[in-house]
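Report on the following structure.
The values are calculated or read from the model by the stated rules, or taken from the named source; none is laboratory data. Since this is a predicted model, take the numbers as computed values, not measurements. Here the Cβ is made from the backbone with ideal geometry for all residues, glycine too, and neighbour counts use every protein chain on show.
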Amino acid sequence: MIVDFLRYLESEPGILVFIVAFGIIPLAIVIYLVDTFLKAIGLRVFAEKMGTLFALPIGITWLAGFVLSMLFFASGVSSLKVLFILIGLFIICLIYSALNFNEMSGFIGDKNNSLQKLRKKS
């Protein structure tokens, strides 16, 4: 099944650009369902930490991946090479997020607190 998908990507290079551009929509739905399920069974803190951990890699991979896939598609680079570049980008961003999790959590918490203060004032 995976081999067939990779062969399809190789034969139709424009599909990878489409998947990178619009694949975030089904991914967001899946993440929302998993998050809701984890919160329903009582793992709220775990769900929040996992959301913080995966938000940066997914966002960077989506934004940079779309630009990179468009550039590589226009240059005629093989879609499998682009796929491996995107997987590498996601893994590197995930490692960065995991290693700097405490700093990112503190930054996000500070921003949330300042937003809540602004909402209370208005």
* Structure fact -> Taking the range 88-97 and the residues there that are surrounded by 12 or more Cβ atoms within 10 Å (Cβ to Cβ) and out of contact with any helix residue (DSSP H, G or I) (no Cβ under 6 Å at 6 or more places or on another chain), the one that is modelled with the lowest pLDDT would be Y96
* Any residue in the range 81-102 that's at negative phi: show its pairings with residues that are of a type in the set (S, T, Y) at Cβ separation under 6 Å, as long as the two are six or more apart or on different chains. => V82/S69; L89/T61; F90/T61
* Asked: For the range 13-121, which helices (runs of 4 or more DSSP H) that fit wholly inside it have 3 or more residues that are over 27 Å from V3 (Cβ atoms)?
  -> 24-40, 44-75, 79-99, 101-121
* **So I25, is it surrounded by fewer than 10 Cβ atoms within 10 Å (Cβ to Cβ), of a type outside the set (F, W, Y), out of contact with any Lys or Arg (no Cβ under 9 Å at 6 or more places or on another chain) and under 24 Å from L56 (Cα atoms)** => yes
